[in-house]
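See structure below.
The values are calculated or read from the model by the stated rules, or taken from the named source; none is laboratory data. Quantities reported herein were computed from a predicted structural model and do not represent experimental measurements. Ideal geometry is used to build each Cβ from the backbone, glycine not excepted, and the neighbour counts take in all protein chains shown. Remember, those area values only see protein heavy atoms, side chains included, never the ligands or the DNA or RNA. Shrake-Rupley method; radii C 1.70, N 1.55, O 1.52, S 1.80 Å.
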Amino acid sequence: MEFLFNSKRILVVLLIFFGTSVMAFSVMRFRLIIRMLSKFQIKGYSKVEHFFSIHQLLMFFFLFGYLAVLLGVLVNAEFSQLFVSAIFFFGAIFVSLGVHLNIKMLSAINVTTDELKTANEQQVVLINAAQIISEERNREALLETFTTYAMMITNADGLALYLVHDTKETLTASIAKITSRKHHVGGLSGTRLSSVTSLKKIYGDKPHLLTEVIRTGRSIASSDFAALSDEYDLSGISPCGQHLDYPIGSILFMPMKDREQSVIGVLQLANSMDFYSGKERPFDDQLQNLVGTLVLQAAIALTNIDLYQNLKNLFHAFSRSIATAIDERSPYTGGHINRVASLTELITQAINDDEKGHFRDIKFTDDEMEELKLAAWMHDIGKMSTPDKVIDKSTRLFAYLDRLEAIVQRFEIIGLNRNKDHNEYILELYSTGTHTPAKEAQAYLELSVFNDQHADDIKFVKWANTTSFMEDADVARIRELGNMEYKNNDTTIKYLTEDEVKHLIIRKGTLTGEERSKIEDHVRVTEMMLRQLPFPREMANIPTYAAGHHEKLNGKGYHQQLEGKKIPLQTRILAVADVLEALTARDRPYRDRPMSLSRAIEILGFMVKDEHIDPDLHKLLLDSNVLKEYAKDHLYPEQIDM
C-alpha cells in the first residue's frame with residue numbers, strides 16, 4: 001500500500017511536470033511567433049494572442065499545483081486518496097485543455113502564417129517593383145510595369161489606368177487588363193484606348209466617380225461596384241476601360257499624385273482574390289496601403305520621366321533655335337545644320353540596320369543616337385564667334401562687300417587717265433609744231449596695246465577673284481599687277497594694294513591663312529562652349545563629338561589633330577555628314593551650281609584615299625539607302641544622278 005501510495009505521488013509529480021513542461025515550451029514558441037506577427041501587423045494576430053493568454057493562465061495553475069506537490073514531497077507530507085484523485089482529475093483536464101489550446105493555437109497560427117507568408121511575398125514584390133519602376137526611363141514601359149505589379153500585389157483580376165491630360169480638362173484611359181479574359185489594351189499591347197472623360201462636364205445630380213477621386217484626392221473602395229451607383233455617377237466608367245460583359249465585385253479607385261499633390265491619374269483595380277483560398281476579397285486597408293506605396297513610387301517615377309522629357313524637349317528646341325540663328329547669319333549656310341543632323345541620323349540608323357557588313361556588331365542605343373543627333377545640331381555653335389565677313393566670304397576680295405568693284409573702278413580710272421594723257425600728247429604735238437604722222441600712229445598703237453592689256457587685266461582680276469584654284473603663273477601675274485603703278489603729274493595710282501594682292505593670290509578657296517584659322521577656331525570655341533553645359537551622363541560626349549567633325553584619319557585635321565581609331569565612330573559619322581552636305585549644298589557661295597551626287601561621292605572616294613574620312617562609312621553610303629533618302633529630301637532633282 002505504501003509502495004502504491006508512493007507510486008501515485010510519483011505519478012502526480014510526473015503528470016504536473018509533464019504538463020508544465022509542455023506549457024512552458026509552447027509559451028516560449030508562441031511568444032516568438034506572436035512577436036513576428038505583431039511586427040508585421042498581421043490581422044490574425046489578436047486571435048492568436050487570445051489563445052496565448054488562456055494558455056499562460058493554465059500554465060500558472062499547473063505551476064502552482066506542481067509546486068504544491070513538490071513541497072509535499074520535500075516535507076514527506078501525507079496525501080489523502082481524495083487529494084490524489086483530485087490531482088489526477090484536474091491534471092487530466094488541464095492536460096486536455098492544454099492539448100486542445102495547442103491545437104486551436106496552431107490552427108490560428110497556420111492561418112495567420114499564410115497571411116504572414118502572403119505579406120512577406122507582397123513586401124518582396126513591392127520592393128522589386130519599386131526598384132524596377134525607379135530605374136525605368138521609358139514612359140509606356142513604366143506604366144506597363146506599374147500596372148502589372150499592382151495586379152500582382154493585390155491579386156486583382158481587372159485593372160484600368162486613367163491619366164489626366166496636360167490641359168487638366170480630360171481624363172484618358174491609358175491601359176486596361178483583365179487576366180481571366182486574357183484582355184490587354186493600351187500601353188505596350190499595340191492597341192490604343194479611346195475612352196476619354198471630361199473633368200469639367202456636369203454629370204447630372206450626382207458627382208462623377210472619377211472626377212470625385214481627382215477633386216478630393218482620396219481613394220474610393222467598395223466590395224460591390226454596382227452599389228457605388230447610389231452615390232456616384234458611373235457613366236463613362238466601363239469595367240476595366242472596355243464595354244465588356246465583365247462582372248465586378250470588389251473595386252478600388254486610387255489617385256496618383258505628383259510632388260505638388262496634384263492628381264495626375266487614377267488607378268482602378270477590380271476583383272481582388274485571396275492568394276490561398278481563391279475567394280474574392282475586398283480591398284481592405286492592408287491592400288490599399290500596399291497599392292498606395294506602389295502608386296506613390298509610380299507617380300514619382302512618371303513625374304521624373306515627364307520632367308526629364310520636358311527638359312530634353314526644351315534643350316532640343318534651344319539647340320535648334322541656336323542652330324537656326326547660326327545658319328541665318330549667312331545666306332550661304334541656311335539649313336546646313338539641319339541637313340547635317342538629318343544625314344547623321346540616317347547614317348546611324350543604317351549602321352543599326354547593318355546585319356552583314358562591317359558594322360554588324362555595332363548597335364547604337366536610343367540614348368546614343370539622341371546624343372549624336374544633338375551633337376550634330378550643336379556642331380557649329382562656335383561659329384557664333386566667327387566674323388560675318390569670313391563666314392560670308394564667297395570671293396577672295398569679299399569683306400562685308402566685294403572689293404572687286406573698287407578695283408574695277410580704279411582700273412577704269414587708270415584707263416581714262418591713260419586715254420586722257422594720249423589726247424593731251426597729240427594736242428601738244430600739234431601746238432608745238434612737232435606733229436608727224438609717224439608719231440601720232442605710234443601713240444595710237446601704244447594706246448591700243450595699253451587698252452587691250454588693260455581690259456585683259458581687268459578680266460583676269462575678276463577671274464582670280466572667283467576661281468577655285470590659282471596656278472603659279474596666275475599668282476605671278478597678280479604680283480606683277482601689284483607692283484604696277486600709274487603716274488599722272490603728281491598723282492601715283494597703284495593697280496592693286498598690298499592687301500588686295502594678299503587675297504587674290506590665295507591658291508585654293510577664298511580664305512587667307514588668318515581667315516582660315518578663324519574658321520577652324522570655331523571647333524575649339526564649340527568645345528569650349530559645350531563643355532560649360534551640364535549635360536546629363538548619357539549626353540556627356542556631345543562636346544567631344546561636336547568639336548571633332550573636322551578631324552581626319554591621317555591626323556591632319558583640326559583642332560586636336562586626332563588620327564585613326566582615336567577619333568570616335570560618332571565623330572567620324574558627323575565628319576562624313578558635314579562633308580557630304582557641304583559638297584551637295586545648293587547655296588554655297590564658292591560654287592556656281594550645286595554639285596551632283598555622283599561627283600560628291602567621287603570626291604568622298606578621293607578623301608578616303610587621302611585618309612581624310614572613314615572608308616567603312618563611305619562604303620556604307622554606297623551600300624545603304626542613306627543617299628537615296630537624303631537626296632529625296634534635300635537635293636534638287638538634277639543633282640540626283642545615281
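Per-structure values
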item: Residue match in region 547-562 (condition: over 29 Å from T395 (Cβ atoms), surrounded by fewer than 17 Cβ atoms within 10 Å (Cβ to Cβ) and free of Cβ contacts under 8 Å to residues at least 24 places away in the same chain); result: yes
item: Among (1) among the acidic types (D, E); (2) under 60 Å from the mean Cα position of the chain (by Cα); (3) modelled with pLDDT of 90 or more, the one test that E520 misses; result: (3)
item: Selected residue (only one of A325, A341, A317 is at pLDDT below 90 and farther than 30 Å from Q261 by Cβ); result: A325
item: Matching residues in region 306-362 - criterion: being under 14 Å from K373 (Cα atoms) and hydroxyl-bearing (S, T, Y); result: S319, S342, T344, T348
item: Candidate set from region 359-399 (those that are of a type in the set (D, E) and in contact with a helix residue (DSSP H, G or I) (Cβ under 9 Å, 6 or more places away or on another chain)); member that is nearest to H550 (Cα to Cα); result: D380
item: Residue in region 318-329 that is over 20 Å from Q131 (Cβ atoms), outside any strand (DSSP E or B) and touching a Leu at 6+ places or on another chain (Cβ under 7 Å) present; result: yes
item: Odd one out for I414 among (1) within 25 Å of I478 (Cα to Cα); (2) open to solvent by 50 Å² or more (accessible area, probe 1.4 Å); result: (2)
item: Of all residues making up region 364-403, the number that are farther than 26 Å from T344 by Cα and open to solvent by 10 Å² or more (accessible area, probe 1.4 Å); result: 11
item: Boolean, G249 is open to solvent by less than 50 Å² (accessible area, probe 1.4 Å), at pLDDT 85 or above and in contact with a Lys or Arg (Cβ under 7 Å, 6 or more places away or on another chain); result: no
item: Check on A464, open to solvent by less than 60 Å² (accessible area, probe 1.4 Å) and part of a helix (DSSP H, G or I); result: yes
item: Selection count, region 591-642, where residues are closer than 19 Å to L553 by Cβ, open to solvent by less than 80 Å² (accessible area, probe 1.4 Å) and not small (G, A, S); result: 14
item: Any chance N419 is open to solvent by 40 Å² or more (accessible area, probe 1.4 Å), polar (S, T, N, Q) and over 25 Å from T544 (Cβ atoms); result: yes
item: Count - residues of region 253-280 that are buried (at least 18 other Cβ atoms within 10 Å of the Cβ), more than 33 Å from the chain's Cα centre (by Cα) and not aliphatic (A, V, I, L, M); result: 2
item: 2 or more residues of a type in the set (V, I, T) and farther than 30 Å from H316 by Cβ: qualifying helices (runs of 4 or more DSSP H) within region 470-543; result: 472-483
item: Test: E551 is within 19 Å of T348 (Cα to Cα) and in a loop (DSSP other than H, G, I, E, B); result: yes
item: For I458: the one exception among (1) loosely packed, with under 14 Cβ neighbours inside 10 Å; (2) modelled with pLDDT of 90 or more; result: (1)
item: Condition met for D354 (loosely packed, with under 15 Cβ neighbours inside 10 Å and more than 30 Å from I505 (Cα to Cα)); result: no
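Results for (1) touching a residue at least 12 places away in the same chain (Cβ under 8 Å); (2) assigned to a helix (DSSP H, G or I); (3) hydrophobic (A, V, I, L, M, F, W, C), shown as yes or no for each residue.
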site: Q309; (1), (2), (3): yes, yes, no
site: L343; (1), (2), (3): yes, yes, yes
site: N352; (1), (2), (3): yes, yes, no
site: F359; (1), (2), (3): yes, no, yes
site: L372; (1), (2), (3): yes, yes, yes
site: M384; (1), (2), (3): yes, yes, yes
site: T395; (1), (2), (3): yes, no, no
site: E405; (1), (2), (3): no, yes, no
site: I413; (1), (2), (3): yes, yes, yes
